[in-house]
There are 2 protein chains.
Amino acid sequence: MAWSIAEVARSSGVTSRTLRHYHSIGLLVPARVAPNGRRYYEQEQLLRLQQILLLRDLGLSLDVVGEVIAHRDEQDAIEVLAKHKEWLVKEQLRLGRLVQTVDATIDNLKRGGEMSPENVFEGFEHNPYEAEARERWGDEAVDASYERMRGWTEADAEKARTAYPKVHQGLAALKAEGVAVTDLSVQELIQLHYEVTSLFWTPTREAYKGLGQMYVDDERFRQNIGNGDDALVEYLRDAMTVYADSKLDD
Amino acid sequence: MAWSIAEVARSSGVTSRTLRHYHSIGLLVPARVAPNGRRYYEQEQLLRLQQILLLRDLGLSLDVVGEVIAHRDEQDAIEVLAKHKEWLVKEQLRLGRLVQTVDATIDNLKRGGEMSPENVFEGFEHNPYEAEARERWGDEAVDASYERMRGWTEADAEKARTAYPKVHQGLAALKAEGVAVTDLSVQELIQLHYEVTSLFWTPTREAYKGLGQMYVDDERFRQNIGNGDDALVEYLRDAMTVYADSKLDD
DNA sequence: GCTTGAAGTTGACGTAGCGGCAACATCTAC
DNA sequence: GTAGATGTTGCCGCTACGTCAACTTCAAGC
């Protein structure tokens with residue numbers, strides 16, 4: 001007894017299009033193809049189809065499904081499945097983290113926050129600075145920085161989020177008053193700047209001065225910090241230089 | 001200050017191809033396109049790109065990313081994200097179940113079992129009989145059956161897996177000895193057959209007789225049960241008819 | 001001014017797993 | 001003989017780009 005494509009489709013819950021597709025990629029070849037082109041399936045193919053659908057529903061690609069069935073009595077099949085399970089577990093964990101991040105993003109939006117990565121930083125995969133940071137300072141430095149972040153307390157994290165804006169605003173006020181960069185009030189703010197920077201890495205004297213210069217040189221930092229006021233960024237750089245020369249070791 | 005495509009790509013960690021793609025689908029249009037066709041981006045586009053990558057990494061499609069950013073200050077965006085979170089949670093649960101099923105499949109293969117859905121039935125999504133069952137008996141009956149299965153004990157599940165083969169083998173032996181279908185030994189096996197069938201649904205007299213007839217009429221049941229011995233299936237049907245008439249209510 | 005290399009451009013094809021046409025052939029029933 | 005169901009073979013479409021190919025343009029060095 002042979003079944004037509006529609007009969008097989010109905011009884012297995014897939015469409016005839018799917019069966020034709022499986023034929024075209026050689027995954028499930030009909031028992032017989034009549035001279036008029038019609039496909040006919042037998043018990044053997046029905047059994048194979050069940051196995052295909054079982055494995056497909058496990059999330060395997062059709063390629064892999066074919067391989068597993070071909071080696072179904074050998075060790076290979078088990079290995080493939082075990083590897084696939086590993087993958088599933090990882091995916092599941094990844095989705096769990098995503099749920100957290102989506103939650104954080106929603107939270108942030110509700111409070112009227114902007115949708116910027118800084119605000120949703122936690123558990124976040126695509127840090128917008130990371131790619132460039134790795135290129136500019138190397139993988140080692142970036143990894144070390146992440147390592148350090150993992151040891152943060154709640155207070156550290158709070159500081160990392162809020163301190164820079166405080167410093168920038170404070171400096172803007174002092175600069176407006178004409179206070180010199182060597183003044184203690186300025187240097188105290190730079191002290192805070194140095195502390196929060198140290199949450200990520202420990203700048204030496206020259207490195208800290210270089211950081212200040214980079215703020216000036218890099219358009220994006222300049223914009224972010226000065227918000228249009230380029231002189232403020234230069235003020236910050238000068239203050240950092242003074243701080244580095246007076247307080248930091250080589 | 002304008003950045004070239006390669007500069008933007010480096011600083012954001014995507015490829016220039018991706019940026020061109022985003023331009024071609026209108027997701028991120030450069031600030032300026034020079035007469036020679038070159039793309040130039042400004043701060044505004046960099047910010048937008050960061051938002052795009054943030055949302056993309058949350059697992060949203062680019063279509064949806066565009067929508068969310070367009071409505072980023074409205075309630076819509078939050079709703080979309082909330083819906084997306086629901087989806088993520090569901091996916092995560094689904095993957096969890098898949099892990100279980102893969103495990104069960106591996107286990108089964110290790111013991112030399114066949115890779116058939118009956119053996120890995122638990123938590124399984126694509127029951128090969130379900131589609132046809134829904135068509136043949138209706139959604140209501142199938143759903144009721146699933147409802148009943150949810151109340152199974154371990155013993156019930158064991159019975160459901162093993163009883164039918166026992167019945168078929170027992171009947172084959174008795175038939176070979178020339179025992180009549182009315183004989184008590186046959187009827188005891190049918191009693192077991194009725195019990196296990198009742199784990200799924202409760203057949204009335206006529207329904208049970210109809211089931212026996214279907215075993216004979218349907219090629220696949222006939223093959224599955226008789227394994228080539230069509231007379232055995234008819235023997236089963238006759239025995240079921242006798243049982244129904246003597247024991248079952250209308 | 002010429003050459004060279006880097007960086008840019010626009011197509012176009014490929015990916016996985018089918019869905020959904022269109023255009024045509026064949027089978028079954030009345 | 002004709003209609004309606006069922007089949008066939010293309011071919012485009014979908015996602016989010018990767019990966020060529022074939023050119024053009026730009027900046028730098030001789």
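The values are calculated or read from the model by the stated rules, or taken from the named source; none is laboratory data. Treat the numbers as computed from the prediction; the structure is a model and nothing was measured. FYI the Cβ positions are ideal-geometry reconstructions off the backbone, even for glycines, and counts take in every protein chain you see.
Quick check on my filter: what residues within region B:40-63 are basic (Lys, Arg) and more than 11 Å from DNA strand D (Cβ to nearest atom)? Please lay out each step first, then the result.
In the first step, residues of region B:40-63 are kept if they are basic (Lys, Arg); the result is B:48, B:56.
Answer for region B:40-63, where residues must be basic (Lys, Arg) and more than 11 Å from DNA strand D (Cβ to nearest atom): just B:Arg48.
Scanning region A:24-53 for residues that are in a helix (DSSP H, G or I) and farther than 23 Å from A:Ala77 by Cβ yields a single hit, A:Ser24. The set of residues from region B:170-182 being under 17 Å from B:Tyr194 (Cβ atoms) and without any contact (Cβ under 8 Å) to a residue 60 or more places away in the chain comprises B:Gly170, B:Leu174. What single numbered condition from (1) under 28 Å from A:Asn224 (Cβ atoms); (2) more than 16 Å from DNA strand C (Cβ to nearest atom); (3) more than 10 Å from chain A (Cβ to nearest Cβ) fails to hold for B:Ile5? Result: B:Ile5 fails condition (2) only. Checking each residue in region A:200-229 for being within 14 Å of chain B (Cβ to nearest Cβ) and either in contact with a helix residue (DSSP H, G or I) (Cβ under 6 Å, 6 or more places away or on another chain) or not charged (D, E, K, R) (or both) picks out A:Met214, A:Val216, A:Phe221, A:Arg222, A:Gln223, A:Asn224, A:Ile225, A:Gly226, A:Asn227, A:Gly228.
Filtered by the rule that a residue be at pLDDT 90 or above and of a type in the set (A, V, I, L, M), region B:59-79 gives B:Leu60, B:Leu62, B:Val64, B:Val65, B:Val68, B:Ile69, B:Ala70. Within region A:197-239, restricting attention to residues that are of a type in the set (Asp, Glu) and more than 29 Å from the chain's Cα centre (by Cα), the residue that is surrounded by the fewest Cβ atoms within 10 Å (Cβ to Cβ) is A:Glu206.
Applying a threshold of 8 Å to beta carbon distances and a minimum spacing of six or more residues, or different chains, the list of pairs starting in region B:1-14 at a residue that is among the charged types (D, E, K, R) and ending at one that is part of a helix (DSSP H, G or I) reads B:Arg10/A:Ala131; B:Arg10/A:Glu132; B:Arg10/A:Glu135. Restricted to region B:1-18, and to residues there that are out of contact with any strand residue (DSSP E or B) (no Cβ under 7 Å at 6 or more places or on another chain) and among the hydrophobic types (A, V, I, L, M, F, W, C), the residue that is nearest to DNA strand D (Cβ to nearest atom) is B:Val14. The residues of region A:6-34 that are surrounded by 18 or more Cβ atoms within 10 Å (Cβ to Cβ), among the hydrophobic types (A, V, I, L, M, F, W, C) and modelled with pLDDT under 95, listed by number, are A:Val8, A:Ala9, A:Val14.
Within region A:195-210, is there a residue that is assigned to a loop (DSSP other than H, G, I, E, B), closer than 23 Å to B:Trp3 by Cβ and at pLDDT below 90?
Just the residues of region A:195-210 that are assigned to a loop (DSSP other than H, G, I, E, B), to begin with: A:199-204.
Going one step further and asking which of them are closer than 23 Å to B:Trp3 by Cβ, we end up with none.
Taking every residue of region A:195-210 in turn, none turns out to be assigned to a loop (DSSP other than H, G, I, E, B), closer than 23 Å to B:Trp3 by Cβ and at pLDDT below 90.
Count of region A:13-60 residues, restricted to those that are within 8 Å of chain B (Cβ to nearest Cβ), among the polar types (S, T, N, Q) and within 12 Å of DNA strand C (Cβ to nearest atom), is 0.
A single entry from B:Val89, B:Val64, B:Val99 fulfils the requirement of being surrounded by 15 or more Cβ atoms within 10 Å (Cβ to Cβ), out of contact with any Ser or Thr (no Cβ under 9 Å at 6 or more places or on another chain), β-branched (Val, Ile, Thr) and more than 7 Å from chain A (Cβ to nearest Cβ): B:Val64. Residue check: is B:Arg10 farther than 30 Å from A:Asp103 by Cβ, more than 13 Å from chain A (Cβ to nearest Cβ) and within 16 Å of DNA strand C (Cβ to nearest atom)? No. Scanning region A:64-104 for residues that are within 16 Å of DNA strand D (Cβ to nearest atom) and either assigned by TED's automatic domain parsing to the domain that holds A:Ala9 or in a loop (DSSP other than H, G, I, E, B) (or both) returns no hits.
Quickly run through region B:69-84 and pick out the residues that are surrounded by 14 or more Cβ atoms within 10 Å (Cβ to Cβ) and at the interface with chain A (Cβ under 8 Å from one of its Cβ atoms). B:Ile69, B:Arg72, B:Ala77, B:Ile78, B:Leu81, B:His84 - these are the residues of region B:69-84 that are surrounded by 14 or more Cβ atoms within 10 Å (Cβ to Cβ) and at the interface with chain A (Cβ under 8 Å from one of its Cβ atoms).
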